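Report on one structure; see the data block that follows.
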Amino acid sequence: MSATTALKDQNVASTATPVYTLFDSIETDHLEREAMARLASGTLGAIRVREFFTPEQCREIMRALETCDMGSYDEQLVQPRIAKLGPATYDFYGHEVLPPAYWEHAEQSDMSRSGLLHGGDPLDEATRKLEKVWGGPVRRATSGGRSMFAGMIREINASAKMHFDEVVREFPGVVDNIPVCQLAFNCHLAMPEVGGEAVVYRRTWKPSDEQHRDGYGYAESLVADEPYVSVQAAVGDAILFDPRNYHLVRPNVSEGRRVTLSFFLGITAEGSLSIWS
């Protein structure tokens, strides 16, 4: 299910170009390269891929996850608490380079995740499918020649504030092969019946937005008049969008957990795909 603001129906262009209609979301049973290209070009708001993982695969991952210790983002900064398995580059934005703690956490987390899907790694399952869609390999992004962590498992039940993610702007130089576009991938391993929607706005960050800071995120009033898409996923569905656009997660309304396998996809100048978290 998707929704856009009333601005969608207003054509304010000097030509007949339907400027506001080029930010819808689409639902599909099969992800296609063309749809990913539309996301990268900014003419699509989000893609919902139904049953990217089967419900059985998701149940198996969730059962195995019970044996894993989950950490969280810095709880002094990120509230409500967001539990996670694996390091995020975001955790180290104040550093010039990724420190030893990142690489240690990455190795431990790769090992913890590696047996969650019938003794295998759910990240491998996801990348195999993406390689088939893209028609080429999906490789880990590197930093200083070392493969970065990808494949975080996150639990967001009480919402995530509106924010944006853009590694080349927020952590310049951390990625060796600079991506020309950054996409977000989230496969939903568990979902409540009501709530937990992802909302993506057709609005990117600019310096004056810092006046609207709200902790680690930004006040939603900043995008009050912007077109948006709101996407409700079911268990097994994958959602892809451009995280350079402001986005947020609504809180769960009914009982249940909202757990995702999450990583970023970078499209390089050569047209290859790299992943990191």
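Side notes on the structure shown:
- Flag if Pro243 is part of a loop (DSSP other than H, G, I, E, B), open to solvent by less than 10 Å² (accessible area, probe 1.4 Å), over 24 Å from Arg63 (Cβ atoms) and at pLDDT 95 or above: yes
- Filtered residue count, the range 112-129, keeping only those that are modelled with pLDDT of 95 or more, open to solvent by 10 Å² or more (accessible area, probe 1.4 Å), not small (Gly, Ala, Ser) and not in a helix (DSSP H, G or I): 2
- Some residue of the range 69-89 being open to solvent by 30 Å² or more (accessible area, probe 1.4 Å), part of a helix (DSSP H, G or I) and either within 22 Å of Leu265 (Cα to Cα) or touching a strand residue (DSSP E or B) at 6+ places or on another chain (Cβ under 9 Å) (or both): no
Let's see how each residue does on (1) at pLDDT below 95; (2) open to solvent by less than 50 Å² (accessible area, probe 1.4 Å):
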position	(1), (2)
Val12	yes, no
Phe23	yes, yes
Arg48	no, yes
Gln57	no, yes
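- Within the range 194-219, restricting attention to residues that are of a type outside the set (A, V, I, L, M, F, W, C), part of a loop (DSSP other than H, G, I, E, B) and modelled with pLDDT of 95 or more, the residue that is farthest from the chain's Cα centre (by Cα) is Lys206.
- The range 101-111, subset more than 18 Å from Val167 (Cβ to Cβ) and either open to solvent by 90 Å² or more (accessible area, probe 1.4 Å) or of a type in the set (Ser, Thr, Tyr) (or both), residue nearest to the chain's Cα centre (by Cα): Ser109
The values are calculated or read from the model by the stated rules, or taken from the named source; none is laboratory data. Being a predicted model, the structure only gives us computed values, none of them experimental. Cβ sites come from the backbone with ideal geometry, for glycine too, and all protein chains shown count toward neighbours. Heads up: the accessible areas ignore ligands, DNA and RNA and are worked out on the full protein's heavy atoms, side chains in. Shrake-Rupley method; radii C 1.70, N 1.55, O 1.52, S 1.80 Å.
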